[in-house]
Amino acid sequence: MDKVPITVRGFAAMEEELKHRQQVERPRIVAAISEARAHGDLSENAEYHAAKEAQSHNEGRVLELESMISRAEIIDVSKLSGDKIKFGATVKLVDDDTEEEKTYQIVGEPEADVHAGRVSITSPIARALIGKAVGDTVEVTTPGGGKSYEVVGVRYGG
């Protein structure tokens with residue numbers, strides 16, 4: 001089993017979600033199943049089937065979180081430094097075509113959220129950025145076609 005790189009913040013969020021699913025969602029779903037079961041005939045009981053489906057989804061996510069937590073390689077970004085881009089770096093880019101600035105932090109897959117500016121280490125943009133430094137130009141193949149960015153900033157620790 002491969003280790004999953006993750007920031008301290010990402011690991012804490014996974015632990016919090018796991019705790020919530022085990023201590024809040026699981027009992028809530030069990031109560032919903034019991035209540036629906038009390039309504040009688042289960043074959044045509046939509047509440048029962050919905051609750052069982054929610055239970056299946058919740059338990060699947062619990063297993064997924066437990067697996068990721070057991071394989072997590074926690075990397076404290078605040079202790080990283082350097083000029084080259086690596087895991088944990090917050091990178092400021094300028095789109096060569098539109099002059100638009102974008103800032104991304106390279107994080108582990110479980111914590112990636114492009115809308116929050118966090119891209120997975122396995123994403124095309126992160127793979128293109130690894131090893132680069134300020135002043136370098138990177139070519140990224142995106143679903144919308146090729147994009148070219150200039151690296152204008154690299155920082156660690158936040």
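Condition (residue is among the acidic types (D, E) and in contact with a strand residue (DSSP E or B) (Cβ under 8 Å, 6 or more places away or on another chain)) applied to the range 26-36: is it met by at least one residue?
Initial filter on the range 26-36 (among the acidic types (D, E)): 35.
Restricting the remaining residues to those that are in contact with a strand residue (DSSP E or B) (Cβ under 8 Å, 6 or more places away or on another chain) gives none.
So far as the range 26-36 goes, no, none of its residues is among the acidic types (D, E) and in contact with a strand residue (DSSP E or B) (Cβ under 8 Å, 6 or more places away or on another chain).
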Query raised in the report: Which residues, taken from the range 103-137, are over 26 Å from M14 (Cβ atoms) and either in contact with a strand residue (DSSP E or B) (Cβ under 8 Å, 6 or more places away or on another chain) or aromatic (F, W, Y) (or both)?
Result: A128, K132, A133, V134, G135, D136, T137
Query raised in the report: Does I75 count as in contact with a strand residue (DSSP E or B) (Cβ under 7 Å, 6 or more places away or on another chain) and β-branched (V, I, T)?
Result: yes
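May I ask you to say which residue of S34, S81, S56 is touching a residue at least 12 places away in the same chain (Cβ under 8 Å) and either out of contact with any Pro (no Cβ under 8 Å at 6 or more places or on another chain) or among the hydroxyl-bearing types (S, T, Y) (or both)? Walk me through it before giving the result.
On the way: S34 fails: touching a residue at least 12 places away in the same chain (Cβ under 8 Å); S56 fails: touching a residue at least 12 places away in the same chain (Cβ under 8 Å).
Every option except S81 fails the conditions.
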Query - Whichever residue in the range 131-152 is touching a residue at least 24 places away in the same chain (Cβ under 8 Å) and in a loop (DSSP other than H, G, I, E, B) and, among such residues, is surrounded by the most Cβ atoms within 10 Å (Cβ to Cβ) - result: K132
Requested in this report: Give the residue, chosen from I121, I74, that is open to solvent by 60 Å² or more (accessible area, probe 1.4 Å) and within 16 Å of the chain's Cα centre (by Cα).
Outcome: I74
Query raised in the report: Which pairs have Cβ atoms under 7 Å, sit 6 or more apart or on different chains, and link a residue in the range 7-18 that is in contact (Cβ under 8 Å) with a residue 12 or more places away in the chain to one that is surrounded by 20 or more Cβ atoms within 10 Å (Cβ to Cβ) and among the hydroxyl-bearing types (S, T, Y)?
Result: none
Report summary line: Selection from the range 29-48 of residues loosely packed, with under 14 Cβ neighbours inside 10 Å and under 23 Å from E64 (Cβ atoms) yields V30
Query raised in the report: Restricting attention to the range 19-29, which residues are among the β-branched types (V, I, T) and either without any contact (Cβ under 8 Å) to a residue 24 or more places away in the chain or at positive phi (or both)?
Result: V24
Report summary line: Note on the range 77-96: residues open to solvent by 50 Å² or more (accessible area, probe 1.4 Å) and either farther than 24 Å from G157 by Cβ or β-branched (V, I, T) (or both) are D96
Report summary line: Of the residues in the range 7-20, those that are surrounded by 17 or more Cβ atoms within 10 Å (Cβ to Cβ) and farther than 22 Å from I121 by Cα come to L18
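The values are calculated or read from the model by the stated rules, or taken from the named source; none is laboratory data. As the structure is a prediction and not an experimental result, all values here were calculated from the model. All Cβ positions, glycine included, derive from the backbone under ideal geometry; neighbour counts span all protein chains shown. Each accessible area value is taken on the protein alone, full model and side chains, heavy atoms only, with ligands, DNA and RNA left out. Shrake-Rupley method; radii C 1.70, N 1.55, O 1.52, S 1.80 Å.
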